[in-house]
1. If I compute mean projected area of the Cα convex hull in nm² from the structure I just sent, which labelled value in (1) 10.0; (2) 9.1; (3) 7.8 lines up?
2. Can you compute the modelled spin-label distance between residue 34 and residue 64, with each label point 7 Å from Cα toward Cβ, in nm?
3. For the chain, what is the mean residue ellipticity at 222 nm derived from helices alone (per DSSP H run of n ≥ 4: -39500 (n - 2.57); sum divided by total residues; nearest 500 deg cm²/dmol)?
4. With contacts defined as alpha carbon pairs under 8 Å and 6 or more residues apart, what's the relative contact order of the chain in percent?
5. If I model a spin label as a point 7 Å beyond the Cα along the Cα-Cβ vector, how far apart are those points for residue 75 and residue 44 in nm?
6. Given a Förster distance of 41 angstrom, what is the FRET efficiency for residue 92 paired with residue 129, based on the Cβ-Cβ distance and rounded to 0.05?
């Protein structure tokens, strides 16, 4: 009898976990070994790339010229990433008087904006299985 009770629980865990995936993000071109990598993961086109409106936010201390951060247990969905190297550890991406970042930054699909912020579709990743992406920081 107790096995009959456990069977639905085991089945639910298996089905539930199959809808979850990991995204491995490798950040390259880190020229200064101090501060943190700040990653914003977005699943809503209307909030991309606004800080504090992320689906999830991650931070990792910079210890090498190439860093890998694993974003675990994500629901299969479309995502976009905006990240920056917070060299001075002040918790924000510092900008010049024109609004251009003065700290290195990057986007998924290595999108390089020209005159405005990228759109969600410019940086969209279709995450339907475990994936690895590389983002090269823009100085």
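1. Only one option fits the structure, namely (1).
2. Label at residue 34, label at residue 64, 2.2 nm between them.
3. Per the formula, -4500 deg cm²/dmol.
4. Numbers: 276 pairs, mean separation 43.2, N = 139.
Dividing the mean separation by the residue count of the chain yields 31 percent.
5. 1.3
6. Values: r = 34 Å, r/R0 = 0.82.
Efficiency computed from Cβ-Cβ geometry: 0.75.
Every number here is computed from the coordinates shown, using simple stated rules; none is lab data. Model, not experiment: these values are computed from the prediction. Using ideal geometry, Cβ is built from the backbone for each residue, glycine included, and neighbour counts are taken over all protein chains shown.
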